[in-house]
Structures are given as C-alpha cells and as structure tokens.
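Single-structure report; data block below.
Just so it is clear, none of the values below were taken in a lab; they were calculated from the coordinates. Note that the coordinates shown come from a computational prediction; the quantities given were computed from them, not determined experimentally. With ideal geometry, Cβ positions are generated from the backbone for all residues, glycine too; neighbour counts draw on all protein chains shown.
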Amino acid sequence: MSTIVRKSPLPRYYQLKEIMREKIRSGEWKPGDLIPSERELGEQYGISRMTARQAITELVNEGLFYREQGKGTFVSRRKITQQLIHLTGFTEDMKARGQQPGTRVLSAEMRPADEAVAERLRIKPGLQIFRLHRLRLADGEPLAIEVSHISFIGCEKLLEEDLEHNSLYRLLETKYGLPLVEADQELEAGLIGSEEAQYLKVPVGSPALFTRRVTYTERNQPIEYASSVYCGNKYVFYTHMKREQLLS
C-alpha cells in the first residue's frame, strides 16, 4: 500500500499507518529519521491533519515512533529484547546482542537501608549498605536508569571499584566470591517522570518499563535489590512459558 484508497473499507488513518509501517519495514525510513509533519502527510496523502495525527499517535504508542518536544517525531531504534529465563546482568545482555554496553555512574555511596530496602534484603533497617545509581547505555544511547542496593559483609569495598568499566555481577562473582544463583523480578508499565526524562533524553510521560529485582546468592541469601526504569520504546522483555499438563 502506497496511497490512500478513498473507497476502501479501511479507515484512512489505518491506511496511513500501514503506509508508514511499510516505509520502516523496507528501510526507506531508518531508525532516528525525522518523519514528515502532520501537515506534510496531510498534503501528501490528501487527508486531514487530525487523521495524520491519529496514525502517528498510534505508531508512537506501538513504539515504532517517538516524539521529542519541539523537534518532531522520529523512527524508533530496534527494541532490545531481554529473556526472562536466565539471570544475566546488563553488560552480558548487551554483549549477547552485539551491542556495546556503557555505564555512567551517577552516584555510589554507603547509606543506611530504609524499611522497604531492608525488607527486600532481609536485613535490619538502618544497616549500612552500598547504593549504586547508574545510567545504562546501549551503543552510546541512554536506555535505562538503575539503582542497586547491595548488602554483604565488606560491601563498602565496592566504593573503590571502577563500576563504569566493570560489570558489577562479574565483580561480585569473581573478585568477592559471591555466586549469583537466582532472582525474583517484577515488571510494571508506567510513564517516565521529569528526573528520568533528563537522563534518558525522552519527553516526560514517555512509556516506561519499571523493574524490581532481588538477586540471591547460595542458600537463598539476598545480596542485591535493584530497581530500574527502561525506555519503553527501546526495550522488550521476553519469556517462554509452558502449561502444566492436567492429571487425568
């Protein structure tokens, strides 16, 4: 489909959606490209700006486009998929997908655990823990904000580590002798707030994926509680499920 068919039973906004979707699929519109404005699309295809706006908005909601305030609407980059069947860190995820992981440490400090964090880590509130606030990058682009709370005897030594160039999980396992065995992870959809928007370079109110993960060492001992905010138009979580057979 390359033109709007006026006698088609398909709504005109839907036809425009399919035209724009095909431009992405064919490579005519590449990730990061600025698409024509509502006015330009209206003039090109003989439709109203409202019809063009509806088509664009639906593709933004689907994650194919993203908007930047005062700049326009752009083609989204291919989403990164993380499987939920293996316990991996961000660095491992990116390398496995052929992308260059990057990290910017926003803060690293020792601080007393509040009640919520203490409950997740099964420690007493007020106990000193290591808190790491990081911006995670994929091929140089902001992808997620992550806050990790770490609790183990000697965790203050993490203050001396280069956590912008070294994997936290790999350090815990190889240098500190703390094997990471399993994790519980929660996912929640939401919208990006003003502080996150500044770091992730997306408009306030953009779709987001919020995750909360408790990672355990041997004997089911929590070592990390991490909360993250991912750009919803750049990241997908994937899992494979099987239905248990009913007993006859």
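Under the definition of Cα pairs under 8 Å and six or more residues apart, what whole-number percent is the relative contact order of segment 1-63?
Values: 42 pairs, mean separation 20.5, N = 63.
Worked out over segment 1-63, it gives 32 percent.
Filter the trypsin sites (Lys or Arg not before Pro) in segment 97-188 to those in DSSP coil with at most 15 other Cβ atoms within 10 Å of their Cβ, and list the result.
Qualifying residues, ordered by number: Arg97, Arg122, Lys175.
FRET efficiency for Thr3 and Lys201, Cβ-Cβ distance as r, R0 = 35 Å, nearest 0.05?
Numbers: r = 36 Å, r/R0 = 1.02.
About 0.45, to the nearest 0.05.
For segment 109-202, which GluC sites (Glu not before Pro) pass both filters: DSSP loop (anything but H, G, I, E, B) and at most 15 other C-beta atoms within 10 Å? Walk me through the numbers on the way to the answer.
Details: sites: Glu109, Glu115, Glu119, Glu146, Glu156, Glu160, Glu161, Glu164, Glu173, Glu182, Glu186, Glu188, Glu195, Glu196; in loops: Glu161, Glu164.
The qualifying sites are Glu164.
So if we plug the beta-carbon distance of Gln128 and Ser194 into 1/(1 + (r/R0)^6) with R0 = 22 Å, what FRET efficiency do we get, rounded to 0.05?
On the way: r = 30 Å, r/R0 = 1.37.
The value I calculate is 0.15.
What GluC sites (Glu not before Pro) does segment 1-84 have in DSSP loop regions with at most 14 other beta carbons within 10 Å?
On the way: sites: Glu18, Glu22, Glu28, Glu38, Glu40, Glu43, Glu58, Glu62, Glu68; in loops: Glu28, Glu62.
Loop-located and lightly packed - Glu28, Glu62.
Just to be sure I understand the model, the point goes 7 Å from the Cα along the line to the Cβ. What's the resulting Glu18 to Met50 distance in nm?
2.4 nm
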